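Below is one structure, written out as structure tokens; the observations come after it.
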Amino acid sequence: MEQKLFDSEQRVMELLWEHGDLSAKQLSLLLAEQSGWNKNTTYTVVKKCVQKGFVERREPRFVCHALLSRQQAQMQQAEELVDKMFSGSPSMLFASLLGGGRLDADEIDKLRHLIDQAK
């Protein structure tokens, strides 16, 4: 994915990932409740998602279908974080997490298992 997923677009995507296909009207109602967005704001953000190739617009009733998976978005954002904040070094990211005390023993075991699987 070459396009950046902005926070507003991520809100739309989260709803599609959680609920599956939704009409633009359904998205508008959910986002009004969650974020206080009006209908025009929702439609503008959905239009951007369509233009970037994250969402496909299906007819009838302007149904929105996610083309970008949650996993694809997570991978892109993780790569961007590593590149931007850790000079492209995943080990520096892990060192930061370990040094910050954010990982408990269970999380460390999960990381060890993931590393072992990747070998």
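Mind checking which of M92, M13, M75 has the largest fluctuation in a GNM of the chain, springs on alpha carbons under 10 Å?
M92
What is the helix-to-structure angle for 70-85, meaning the angle in degrees between its Cα long axis and the longest Cα principal axis of the chain, kept from 0 to 90 and rounded to the nearest 10?
Orientation of helix 70-85: about 50 degrees from the principal axis.
I need two numbers for the range 7-66: Rg to one decimal and Dmax as a whole number, Cα atoms only, in Å.
Considering the range 7-66 through its Cα atoms, Rg and Dmax are 9.9, 28 Å.
Once you order the gyration tensor axes a ≥ b ≥ c over the Cα atoms, which shape class does the range 63-119 get: rounded for a/c under 1.5, otherwise prolate or oblate by comparing a/b with b/c?
Prolate.
Considering only S35, V45, M13, whose Cα is most displaced toward the positive end of the charge dipole of the range 7-66, charges sitting on Cβ of Lys, Arg (+1) and Asp, Glu (-1)?
Of the listed residues, the answer is V45.
Under Stokes-Einstein, with the Kirkwood radius over Cα pairs standing in for Rh, what whole-number D in µm²/s applies to the chain at 20 °C and 1.002 mPa s?
D, rounded to a whole number, is 131 µm²/s.
Sequence neighbours fewer than 8 away in the same chain don't count; with that in mind, list the lysines whose C-alpha is under 23 Å from K52.
Of all the lysines, those that pass the test against K52 - Cα under 23 Å, at least 8 places apart if same chain - are K4, K25, K39, K84.
Mind checking the angle between helix 7-19 and the chain's longest principal axis? C-alpha axes, 0 to 90 degrees, to the nearest 10.
Around 80 degrees separate the two axes.
Going by C-beta contacts inside 10 Å, put E18, E59, E9 in order with the fewest on the left.
Least to most surrounded, the residues fall as E59, E18, E9.
Just so you know, all these numbers are worked out from the coordinates, no wet-lab data involved. In this text, all values refer to a predicted model and were calculated from it rather than measured experimentally. Here the Cβ is made from the backbone with ideal geometry for all residues, glycine too, and neighbour counts use every protein chain on show.
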